[in-house]
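Down below is the structure, laid out as structure tokens.
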Amino acid sequence: MNTLAFFNNKGGVGKTTLAYHVSWMLADLGRRVLVVDLDPQSNMTSMFLNERRLEQIWDPDVSSGQSVMGALEPLINGTGDIKEPHVERINSRLYLVPGDLLLSGYEAELSEAWGNCLDRRQPAFRHTSAFHRIAEMAAQKTQAEIVIMDVGPNFGAINRSALISATHVLVPLAPDLFSLQGLRNLGPTLRQWRDEWNDRKSRNPAKELSLPTGEINPIGYAILQFGVRDNRPVKAYDRWVSKIPDTYHRSVLGDGAKVESIETDPSCLGLVKHYRSLVPLAMEARKPIFHLKAADGAIGAHYEAVQQCGTAFRELTEKILERI
Ligand SMILES: Nc1ncnc2c1ncn2[C@@H]1O[C@H](COP(=O)(O)OP(=O)(O)OP(=O)(O)O)[C@@H](O)[C@H]1O
Ligand SMILES: [Mg+2]
């Protein structure tokens, strides 16, 4: 099972929007895709589902247990292990394990479990591997080949547990100082998580548990031009873009490669445009931008932009497929 996480600790740069569009495109290209929303903000889930459906999923009186929290419930309550997750069918090749705002309450438990793995405690391994096992169960149920994970913008215990379950990670970046500073932190953090999990993994007393491999292979970065303020001079934008390859290679890959520009950097998977008013149109229609039709409001110049968006995402997604 290939699990790809979209991760960067800089918030609000367009990570979830990017992961949403790549998920749709993977399905359009014939892959079976499972999206697991592990960000308590649940933005990915609300891109896929309308409010009515979300209300049902989150309302314990109407139907309990339809978000990721439902699968975690027995483990968190101490009444058992995780249960089979509910999976929402988006289309014949695209499925979702819905997120939940209540997931943020799991942070402390996961943090404690990480420490307790060192003492070979079985419940600690059940908690630490829970996201991996939920994704695995849901992928089996839907026969998904690729799992896409969306997570929040921080280095907390939820993200650590999510990321060690990822075989691959894609780093969405905005060309600004904040993203670059975040990038300098990201590489060492991923390496630390990988090393610490390798150390813990060997201490697992419950041999029947399926544990995450902790690979977290970085497949490259995508530059989100959305993150750039409109009125910023082109010079400033170019300056930050030019610093990305070196920072990525040094911090994330640690390979010391000398790469001159994003054009010659094999780790640069693509640039994501600012799609302006097409984004709210797509969110309203609960579709990716490249599926917008005239009836959704994509007329005139919009129509052309929709086609271009499709081409850009197809190229980006094909590159992602090559890497995983
Ligand atoms: N390519 C884009 N063009 C235009 N608007 C975009 C684009 N990508 C994202 N946005 C808008 O930017 C806002 C933040 O995007 P998004 O939620 O994807 O960011 P994020 O990095 O996942 O945030 P967080 O760190 O909070 O998880 C949203 O309102 C979204 O609609
Ligand atoms: Mg997000």
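The set of residues in the range 138-177 that are within 16 Å of ligand 1 (Cβ to nearest atom), at pLDDT 95 or above and of a type in the set (D, E, K, R) contains only 150. Residues that are among the hydrophobic types (A, V, I, L, M, F, W, C) and near ligand 1 (Cβ under 8 Å from one of its atoms) were ranked within the range 15-27; the one that is surrounded by the fewest Cβ atoms within 10 Å (Cβ to Cβ) is 18. Of note, residue 66 does not satisfy the criterion of being polar (S, T, N, Q) and either within 16 Å of ligand 2 (Cβ to nearest atom) or surrounded by fewer than 18 Cβ atoms within 10 Å (Cβ to Cβ) (or both). Note on the range 54-82: residues that are over 21 Å from the mean Cα position of the chain (by Cα), in contact (Cβ under 8 Å) with a residue 12 or more places away in the chain and within 18 Å of residue 110 (Cβ to Cβ) total 4.
Scanning the range 37-53 for residues that are more than 11 Å from ligand 2 (Cβ to nearest atom), out of contact with any Asp or Glu (no Cβ under 8 Å at 6 or more places or on another chain) and touching a residue at least 60 places away in the same chain (Cβ under 8 Å) yields a count of 1.
Of everything listed in (1) within 20 Å of residue 183 (Cα to Cα); (2) at pLDDT 95 or above; (3) in a loop (DSSP other than H, G, I, E, B), the single unmet condition for residue 270 is (3). Considering every residue within the range 204-218, establish whether at least one is part of a strand (DSSP E or B), modelled with pLDDT of 95 or more and surrounded by fewer than 18 Cβ atoms within 10 Å (Cβ to Cβ). The answer is yes, given that some residue of the range 204-218 is part of a strand (DSSP E or B), modelled with pLDDT of 95 or more and surrounded by fewer than 18 Cβ atoms within 10 Å (Cβ to Cβ).
The residue list 30, 12 contains one member that is in a loop (DSSP other than H, G, I, E, B), within 14 Å of ligand 1 (Cβ to nearest atom) and either touching a residue at least 60 places away in the same chain (Cβ under 8 Å) or acidic (Asp, Glu) (or both), which is 12. Residues considered: 209, 170. Of these, the only one that is closer than 23 Å to residue 80 by Cα and in contact (Cβ under 8 Å) with a residue 24 or more places away in the chain is 209. Out of 305, 282, 312, 298, one residue alone is of a type in the set (A, V, I, L, M, F, W, C) and not in a helix (DSSP H, G or I). It is 298. Among the candidates 175, 188, the residue that is outside any loop (DSSP other than H, G, I, E, B) and either of a type in the set (S, T, N, Q) or within 27 Å of residue 17 (Cα to Cα) (or both) is uniquely 188. If you take the residues of the range 33-57 that are more than 16 Å from ligand 1 (Cβ to nearest atom) and among the β-branched types (Val, Ile, Thr), which of them is surrounded by the most Cβ atoms within 10 Å (Cβ to Cβ)? Residue satisfying both the conditions and the ranking: 33.
Residue-level check: of (1) part of a loop (DSSP other than H, G, I, E, B); (2) in contact with a Phe, Trp or Tyr (Cβ under 8 Å, 6 or more places away or on another chain), residue 19 misses just (1).
Taking residue 101, is it exposed (fewer than 15 other Cβ atoms within 10 Å of the Cβ) and within 16 Å of ligand 1 (Cβ to nearest atom)? Judged against the criteria, residue 101 is a match.
The values are calculated or read from the model by the stated rules, or taken from the named source; none is laboratory data. Model, not experiment: these values are computed from the prediction. Positions of Cβ are backbone-derived with ideal geometry, glycine not excepted, and every protein chain shown enters the neighbour counts.
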